[in-house]
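Quick note: the coordinates plus some simple rules give every number you see, no bench work behind them. In this text the structure is predicted, and so the values were computed from the model without any measurement. Backbone-built Cβ (ideal geometry, glycine too); neighbour counts: all protein chains shown.
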């Protein structure tokens with residue numbers, strides 16, 4: 001069992017990452033753009049994240065969930081997908097990611113698509 005690790009999609013508000021790291025400096029975030037994957041499609045990112053055990057955090061609510069559900073329908077794993085509406089305030093998202101990171105194991109998110117904030 002391990003703490004969640006995150007893959008930050010190229011479109012995610014950087015303030016979310018900064019806020020989580022401020023509260024939990026040991027949290028692991030890999031950024032798509034730093035890995036050279038900014039132009040890669042959803043299928044590639046989901047495959048990479050599954051192979052690395054990374055939960056994707058993204059604002060891309062239009063295509064990313066559909067790609068994840070398609071992948072799951074084909075019997076392939078998803079390490080986890082957290083979707084965040086771009087218009088939602090970052091504070092509650094930061095709080096939820098901090099709670100998730102500190103209290104819930106990485107493996108518990110496998111094959112789940114979750115919209116933050118959870119209610």
Matching residues in the range 103-112 - criterion: being loosely packed, with under 13 Cβ neighbours inside 10 Å, in a helix (DSSP H, G or I) and in contact (Cβ under 8 Å) with a residue 40 or more places away in the chain: 107
Taking the residues in the range 47-67 that are out of contact with any helix residue (DSSP H, G or I) (no Cβ under 6 Å at 6 or more places or on another chain) and assigned to a helix (DSSP H, G or I) as candidates, determine which candidate is nearest to residue 114 (Cα to Cα). 65
Hey, can you tell me all the residues within the range 1-17 that are without any contact (Cβ under 8 Å) to a residue 40 or more places away in the chain and exposed (fewer than 13 other Cβ atoms within 10 Å of the Cβ)? 14
Which of the residues belonging to the range 77-100 are touching a helix residue (DSSP H, G or I) at 6+ places or on another chain (Cβ under 7 Å), in contact (Cβ under 8 Å) with a residue 40 or more places away in the chain and either surrounded by fewer than 19 Cβ atoms within 10 Å (Cβ to Cβ) or in a helix (DSSP H, G or I) (or both)? 90, 93, 94, 97, 98
Are any residues in the range 5-35 part of a loop (DSSP other than H, G, I, E, B) and more than 13 Å from the chain's Cα centre (by Cα), and if so, which ones? 24, 25, 26, 33, 34, 35
Restricting to the range 17-31, name every residue that is within 20 Å of residue 111 (Cα to Cα) and in contact with a helix residue (DSSP H, G or I) (Cβ under 7 Å, 6 or more places away or on another chain). 29
Hits in the range 60-74 (condition: exposed (fewer than 13 other Cβ atoms within 10 Å of the Cβ) and more than 25 Å from residue 89 (Cα to Cα)): 73, 74
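Please go through the range 47-59 and give me each residue that is in contact with a strand residue (DSSP E or B) (Cβ under 9 Å, 6 or more places away or on another chain) and either surrounded by 15 or more Cβ atoms within 10 Å (Cβ to Cβ) or over 21 Å from residue 77 (Cα atoms) (or both), ordered by number. Explain how you work it out, then say what you get.
Quick first cut of the range 47-59, residues in contact with a strand residue (DSSP E or B) (Cβ under 9 Å, 6 or more places away or on another chain) only: 48-49, 52-59.
Passing the criteria: 48, 49, 53, 54, 55, 56, 57, 58, 59.
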Under the condition of being in contact (Cβ under 8 Å) with a residue 24 or more places away in the chain and assigned to a helix (DSSP H, G or I), which residue from the range 36-46 is surrounded by the fewest Cβ atoms within 10 Å (Cβ to Cβ)? 43
